[in-house]
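Written out below as structure tokens is the structure these notes cover.
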Amino acid sequence: MVSNAGQPSDAVNLSDEDRHSIEQLKGAHDRLRNELGKIIVGQSDVIEHLLVAIFAQGHCLLEGVPGLAKTLMVSSLARALALDFARIQFTPDLMPSDITGTEVIQDDRASGERTFRFLQGPIFRNIVLADEINRTPPKTQAALLEAMQERQVTIGGTRHKLPGPFFVLATQNPIEQEGTYTLPEAQQDRFMFKIFVDYPSYDEEFLIAESTTADRDVTLEPVLGGEEILRLQRLVRRVPVSPYVIHYALRLVRATRVQGESDSAFVKENVAWGAGPRGVQYLLLGAKARAMLDGRYFVTIDDVRSVARPVLRHRVITNFNAESRGINSDRVIDQLVTDVPERSSGDEIAPQLATALA
């Protein structure tokens, strides 16, 4: 049974402890926003999407011009979450071992023998900022993306697990493309969100100018720790989703596929390739995390819509016709959010698929 709000009847399967944890997370979410507000002016949507991605165990691709406090935002988030932070500046001469680490020969003074010892690279942190990821060759990009997917690195035949929680935020500069190596669509698909960082408003920029040019010392108080975050990440996957909401997410993603069943003339005219199954998975996980941050035990269609842009914008590839008319993937997604109905006559015929995806 599903109510008009989209609340599934199996929400009662959550224990009292789980419900208490979700209520605690809502309070922690409010405190996190307040702590970050001490340093970061504006960028409310960006911060919200970063928090959703962290609790959904996803990685983010952040795009914006230089000087918009992307590094400060991520480092401040790490401090507020009491997590280890590392920043890697990607350059054309960066090697995979500069990220993952390497084995060195070490002399044992007692026995005189030589042994290999693994020196961890900067990837062995909870939050890793991969600054300007498109400035390093594909071989080094692949080393980072493999670690993101497998959450481990293999050196000399030995696997080394990365610490948990583990979150990668990669940045791209959209205005300088000379000497860069564009991430292929298949590699971009490993990022849960692609987030655009825009210029601040006039009032926000006034506050930035006033606060950053004064003698001001700000201390951030830790709100959550690593173990609490891991527990809440596991809880996100246990938040129930009604078949009603899952069917909507499926229709939204499948409507982006020109080669599939999309009946949208707008999509057929402007889209070259649509989103794959990861799009559905990340829509639902992002919606679950958003519901938890809001203190709710269930997911609504509005939760899915709120994460549609960051989840799908790098998975919907527009064609030349769209580019010549200034139509980007966000415009396509907005059109589909408007056009795709909340309910369909076929929703009742595939309960097994809905249950499996939940």
Show me the strands (runs of 3 or more DSSP E) found entirely inside the range 134-228 where at least 1 residues are over 30 Å from G27 (Cα atoms) and in the same structural domain as L83 (by TED's automatic domain parsing). 152-155, 158-161, 167-172
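Yes/no per residue for (1) farther than 28 Å from K288 by Cα; (2) of a type in the set (K, R); (3) surrounded by fewer than 15 Cβ atoms within 10 Å (Cβ to Cβ):
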| position | (1), (2), (3) |
| --- | --- |
| H49 | no, no, no |
| G58 | no, no, no |
| L62 | no, no, no |
| V74 | no, no, no |
| A78 | no, no, no |
| P92 | yes, no, yes |
| D98 | yes, no, no |
| L145 | no, no, no |
L284 versus (1) under 16 Å from V52 (Cα atoms); (2) free of Cβ contacts under 8 Å to residues at least 12 places away in the same chain: which is the lone unmet condition? (2)
Out of curiosity, is Q149 on the phi < 0 side of the Ramachandran plot and in contact with a helix residue (DSSP H, G or I) (Cβ under 9 Å, 6 or more places away or on another chain)? no
Residue match in the range 6-22 (condition: within 28 Å of Y199 (Cβ to Cβ), surrounded by 15 or more Cβ atoms within 10 Å (Cβ to Cβ) and either at pLDDT below 85 or in contact with a Ser or Thr (Cβ under 8 Å, 6 or more places away or on another chain) (or both)): no
Can you name the residue in the range 121-156 that is among the charged types (D, E, K, R) and more than 23 Å from G225 (Cβ to Cβ) and is also modelled with the lowest pLDDT among such residues? E146
Kindly indicate which of R305, R315, R309 is in contact (Cβ under 8 Å) with a residue 24 or more places away in the chain, buried (at least 17 other Cβ atoms within 10 Å of the Cβ) and over 15 Å from M192 (Cβ atoms). R305
Might you check whether a residue that is in contact (Cβ under 8 Å) with a residue 60 or more places away in the chain, more than 30 Å from G226 (Cα to Cα) and of a type in the set (V, I, T) occurs anywhere in the range 164-186? yes
Cβ-Cβ under 6 Å pairs, at least 6 apart or on other chains, the range 136-152 side in contact (Cβ under 8 Å) with a residue 24 or more places away in the chain, far side among the polar types (S, T, N, Q) and in a helix (DSSP H, G or I): A143/T100; L145/Q187
I need the strands (runs of 3 or more DSSP E) fully contained in the range 21-128, keeping only those with at least 3 residues that are more than 18 Å from the chain's Cα centre (by Cα). 101-107, 114-120
Long-range neighbours under 9 Å by Cβ, at least six apart or interchain, first residue at negative phi within the range 103-120, second among the basic types (K, R) and loosely packed, with under 12 Cβ neighbours inside 10 Å: E103/R117; V104/R117; I105/R114; I105/R117; Q106/R114; Q106/R117; D107/R114; D108/R114
Per-region count, the range 291-343, residues farther than 24 Å from F191 by Cα and in a loop (DSSP other than H, G, I, E, B): 10
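The values are calculated or read from the model by the stated rules, or taken from the named source; none is laboratory data. Small disclaimer: the values here were computed from a predicted structure and weren't measured. Here Cβ is always computed from backbone atoms with ideal geometry, including for glycine, and neighbour counts include all displayed protein chains.
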